[in-house]
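Student: Below you will find the structure I want to go over with you.
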Amino acid sequence: MSRNMPTVHLNPNLEGLGISATVAINDRSNRMLAEGKDVIKLGLGESPFPVPTSVVEALKSSAHEKSYLEVKGLPALREAVADHHVRTFGITRDPADVIIGPGSKELMFVLQLAYHGDLIIPAPSWVSYAPQAKILGRDIHWISTRYENDWLLQADELEQICFDDPDRARLMIINYPSNPTGRTYTSEQLKDLADVARRHRVVVLSDEIYGKLHHDGMHRSIVEHYPEGTIFSGGLSKWCGAGGWRLGLFVFPENLRWLRDAMLTVGSETYTSTSSPIQHAAVAAFRYDDEIEEYLQDERRILKALGATITEMLQAAGVRVKCPQGAFYIFPDFSAFADRFALWGISSSAKMCEKLLEDTGVAILPGSDFGRPDSEFTARLAYVDFDGSKALAGARQLPADQLPGQEFLMRYCGRIIDAAQRITKWLESLPRQ
Ligand code: GLU
């Protein structure tokens, strides 16, 4: 008797989903580099900077830590994070309301699983919020933002979506300084959003993974205006250069403890606990010392100067793009070239990025991966393909209040300047009617 293979049943929520855009572009760029191609990697948003020495030393001396930890995280780390929260935002949180996870990305997925409601996200937003919701079968409401508003969500836009159906359970994720735009909210804008969220009982996940990379060190949080309804999200990946360490954290308000506990249930049944040596090392990162403060200031001024320079280069070529205020992204809009793209058969941001990669070796991600319409020629450029250790060493030689100049940027971040030049030349080479 022949035995047939069982029918394969794919969870329908996964249909149409592939490898996450950021991960896929990184794998692809690395493959192209291995084939000997000349690729400038501006796809994945990975910090170019090394982990601070004191944090690396803390990891070395914790290598023997071998036991599973509590699912919510190492007590000393949760205390350090709660302290840090008071120091930074003046908001007191019980260490019991801090949870540590294997990357904030995983915590976000677990949160979306534990919270039964719709997801509200601005467009553009980071590539993974919506696929996570889709995997879980949640309804997703994108709120389209505008270039003229710095791609930031406006309070009246949020009001509009909540007003129609005020009783619906909603989770809103906002991320600032923003991936993918590098722009961020003022305290006043955050207050306006907080007022709407409070009125409609929207739970806010405030993704502040780039908070410490505000280029002027002026980051403010919505948690200051809506402490009772905001879950703060952060981690080591961006400011501390430790993306591969996979350590993220959430800080809950007391009245969302039911949600915290539901997440811990899921965590305990899935990842059990976060890597023990990494958590021990992270204590040093959140306790801070002078070396870390200096490191942060140098990261910020390099990113600020570099972001401004490539923004100006693209603007001079006729591209609409806002100067970043934080993080290491810009979000150019190439729509002024739409007619000339059409002559090459380029009809979407995905095709535009494909062709750019083919022609120039510059790898960036299309705006459509961030929730923008396919036909809009936006893209995200992560300006991170440079040696952050050398750049930090160079910045240490500069006077404390001086921004790196052109010579510095050419010397330490030359590939990024080269990428901007390749893009502008490519735009010049587009056919004309
Ligand atoms: N957040 C980074 C990015 O947007 C990389 C991490 C990831 O997507 O998993 O490129």
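Student: Could you pull out the trypsin sites (Lys or Arg not before Pro) across the range 28-105 that fall in loop regions by DSSP (anything but H, G, I, E, B) with no more than 16 other Cβ atoms inside 10 Å? It would help to have the intermediate numbers written out before the result.
Tutor: Details: sites: R28, R31, K37, K41, K60, K66, K72, R78, R87, R93, K105; in loops: K37, K66, K72, R93.
Of the trypsin sites (Lys or Arg not before Pro), the ones in loops of the range 28-105 whose Cβ has at most 16 other Cβ atoms within 10 Å are K37, K66.
Student: What pairs in K66/K304; K37/K60; K37/K238; K191/K304; K212/K351; K37/K66 have C-alpha atoms more than 32 Å from each other?
Tutor: Values: K66/K304 40 Å; K37/K60 36 Å; K37/K238 28 Å; K191/K304 26 Å; K212/K351 34 Å; K37/K66 41 Å.
Beyond 32 Å: K66/K304; K37/K60; K212/K351; K37/K66.
Student: Then there is this: Taking H as built 1.01 Å from N, whose amide H comes closer than 5 Å to the amide H of I231, not counting residues under 5 places away?
Tutor: When sequence neighbours closer than 5 places are left aside, the close amide H contacts are V204, L205, S206.
Student: If exposed means no more than 14 neighbouring beta carbons inside 10 Å and the site is in a DSSP loop, what's the longest run of the chain without any exposed GluC sites (Glu not before Pro)? Spell out each step's value before the answer.
Tutor: On the way: sites that count: E15, E35.
It runs 36-433.
Student: Tell me the chymotrypsin sites (Phe, Trp or Tyr not before Pro) within the range 332-412 that lie in a loop according to DSSP and have at most 10 other beta-carbon atoms within 10 Å. Can you show the working numbers first?
Tutor: Working: sites: F334, F337, F341, W344, F370, F377, Y383, F386, F408, Y412; in loops: F334, W344, F377, Y383, F386.
Sparse-neighbourhood loop chymotrypsin sites (Phe, Trp or Tyr not before Pro): none present.
Student: Right, here's the next one. Taking the Cα centre as origin and putting +1 on Lys and Arg beta-carbons and -1 on Asp and Glu beta-carbons, what dipole magnitude results for the chain, to the nearest 20 debye? Display every interim value, and only then the final one.
Tutor: Working: 46 positive and 56 negative charges, 169 e Å.
Dipole of the chain, to the nearest 20 debye: 820 debye.
Student: Turning to a different aspect of this structure: May I ask for the equivalent-ellipsoid semi-axes of the range 252-309, computed as the square root of five times each C-alpha gyration tensor eigenvalue and listed largest first in whole Å? Write out the running numbers ahead of the final one.
Tutor: On the way: eigenvalues 232, 56, 33 Å².
Semi-axis lengths for the range 252-309 are 34, 17, 13 Å.
Student: Rounded to the nearest Å, what's the spacing between the alpha carbon centres of the range 410-424 and the range 375-389? Just the number, please.
Tutor: 11
Student: I'd like to check one number: the per residue accessible area of the chain, probe 1.4 Å, reported in Å² as a whole number.
Tutor: With the other protein chains kept in place, the chain gives 43 Å² per residue.
Student: For the range 304-318 and the range 150-215, compute the distance between their C-alpha centroids and round to whole Å.
Tutor: Distance between centres, Cα-based: 27 Å.
Student: For the chain, what is the calculated [θ] at 222 nm in deg cm²/dmol (nearest 500), taking -39500 (n - 2.57) for each run of four or more DSSP H residues and dividing by its residue count? Don't skip to the end; give the middle numbers.
Tutor: Details: 15 runs with 179 residues, N = 433.
So the calculated ellipticity at 222 nm is -13000 deg cm²/dmol.
Student: Shifting gears a bit: Take T53, T311 and sort them by solvent-accessible surface of the protein heavy atoms, 1.4 Å probe, largest at the top.
Tutor: Working: T53 85, T311 0 Å².
The residues order as T53, T311, largest area first.
The values are calculated or read from the model by the stated rules, or taken from the named source; none is laboratory data. Small disclaimer: the values here were computed from a predicted structure and weren't measured. A quick note on method: Cβ atoms are made from the backbone with ideal geometry, for glycine too, and the neighbour counts reach across all protein chains shown. Protein only, heavy atoms only, side chains kept; ligands, DNA and RNA dropped before computing areas. Shrake-Rupley method; radii C 1.70, N 1.55, O 1.52, S 1.80 Å.
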